[in-house]
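Written below as structure tokens is the structure these notes are about.
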Amino acid sequence: MAFDIDALRVRPGSKVDLSEVDPKSTPEWKADDDKAANRAAADARLLELNEEIEALQELLYAEGKQRVLVVLQAMDAGGKDGTIRKVFEGVNPQGVKIPSFKKPTKPELARDYLWRVHAHVPADGEIVVFNRSHYEDVLVVRVLDLVPKERWSKRYDHIVDFEEMLADEGTTIIKIFLHISKDEQKERLQARLDEPEKNWKFEPADLDARSMWDDYMEAFEDALSKTSTKQAPWYIIPANRKWYRNIAVSEIVKQTLASLQMEFPPAHPDILNISIPD
Ligand code: AMP
Ligand code: MG
């Protein structure tokens, strides 16, 4: 049964209303009523997808002609790190890079907001996953008023143009928004307080962002609506259920890679006549 990733894609020009997307839902996945059986089926499917992504990434690397950029955005505790771990489990680390974009440094702030991002776009044969991205510059920056509205409001157009340029020059772009509910975030932040091995992830500033949840949802809705294009589409992933999130993101990555029509480079012409000396 095919998983139609188009069901999760934001159509260019459409207006996103996140209150219409249930973070607990599992579109394109027929869940078994038996919870244990469902989990077993999901685990098995994820394993298959891991293997398919591994093989496709090997081909991308061997061919060395195409570039793939995956942009990951979510609220705090939205599951970006876990998604990266689970979806790219098994790929050859040589061909995958995962830059994280934190609060900009002084030299970064002294330049335009795309400067630090452009430096990390994929080269031929590479997959790059942005853990946060230039979208922070129309999300946290907008919600916290870090630059005036006159500046951030122009950025949607810059971003569309920037991504179009990357696509025209040979980069395939997919953008993933992991959509969790406010209740789910509470549980996950609470776990960071309660479980010693998760304490390191807790940032008091995450509570400030949480207190502005509605502003963030509005900023996400605007970003998703204004920047989902044919060449750089957004996908909204209901992400309360981690097993579903992992499968949905893996399907998007796998199907996108499979659509690239890659080929292994031709073998050396003498290959049949060569014998390896003792
Ligand atoms: P984490 O991903 O949990 O390590 O947190 C990184 C933090 O950096 C988050 O609070 C982001 O909102 C923040 N951040 C990332 N990019 C920017 C930016 N361009 N401007 C301001 N804050 C940012
Ligand atoms: Mg954090």
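The values are calculated or read from the model by the stated rules, or taken from the named source; none is laboratory data. This one's a predicted model, so the numbers in the text were calculated from it and none came from an experiment. Neighbour counts run over all protein chains shown; Cβ positions are idealised from the backbone, glycine included. Accessible surface areas use protein heavy atoms only, side chains included; no ligands, DNA or RNA. Shrake-Rupley method; radii C 1.70, N 1.55, O 1.52, S 1.80 Å.
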| remark: Rounded to one decimal in nm, the spacing of the 7 Å Cα→Cβ label points at Asp4 and Ala31 is 2.1 nm
| Which Cα, out of Leu59, Val147, Phe101, lies furthest along the positive dipole direction of the chain (beta carbon charges, K/R +1, D/E -1)? | Val147
| request: Report the full-extension gain for the segment Lys106 to Asn273: residue separation times 0.36 nm, less the Cα-Cα distance, to one decimal in nm. | output: 54.2 nm
| remark: Quick calc: nm separation of the 7 Å Cα→Cβ label points for Phe264 and Arg151 -> 5.2 nm
| field | Protein-only accessible surface order, largest first, of Thr171, Thr105 at 1.4 Å | value | Thr105, Thr171
| said: Using a probe radius of 1.4 Å on heavy atoms only, what accessible surface per residue do you get for the chain? Whole Å² is fine. | reply: 55 Å²
| note | Length gained if Arg39 through Leu207 is fully extended, taking 0.36 nm per residue and subtracting the Cα-Cα distance, is 57.3 nm
| remark: Taking the dipole of segment 5-260 about the Cα centre (Lys, Arg +1; Asp, Glu -1; charges at Cβ), the one of Gln73, Asn50, Gln231 that reaches farthest to the positive side is Gln73
| message | Around Lys201, under 13 Å between beta carbons, what's the net of Lys plus Arg minus Asp minus Glu among the other residues? | response | -3
| field | Share antiparallel - DSSP beta bridges, the chain, percent rounded to 5 | value | 5 percent
| Rg over Rh, two decimals, the chain (C-alpha only, Kirkwood Rh) | 1.00
| task | Quick one: check the C-alpha center-to-center distance for segment 74-94 versus segment 113-150, whole angstrom. | result | 18 Å
| query | Tell me, what is the FRET efficiency for Glu197 and Lys242 to the nearest 0.05, using R0 = 25 angstrom and their Cβ-Cβ distance as r? | reply | 0.90
| Listed peptides 152-161, 231-240 by packing density, highest first (mean Cβ within 10 Å) | 231-240, 152-161
| said: What is the percent carbon and sulfur in the accessible area of the chain, measuring with a 1.4 Å probe over the protein chains and ignoring ligands? | reply: 51 percent
| said: Can you order the peptides 264-277, 179-192 by their average number of other Cβ atoms within 10 Å per residue, highest first? | reply: 179-192, 264-277
| field | Label-point separation, Ala119 to Ala55 (7 Å along Cα→Cβ), nm | value | 3.9 nm
| request: Using DSSP to define loop residues, name the trypsin sites (Lys or Arg not before Pro) in segment 1-88 whose beta-carbon has at most 15 other beta-carbon atoms within 10 Å. | output: Lys15, Lys24, Lys30, Lys65
| Cβ charges +1 (Lys, Arg) and -1 (Asp, Glu), total dipole of segment 85-181, debye | 620 debye
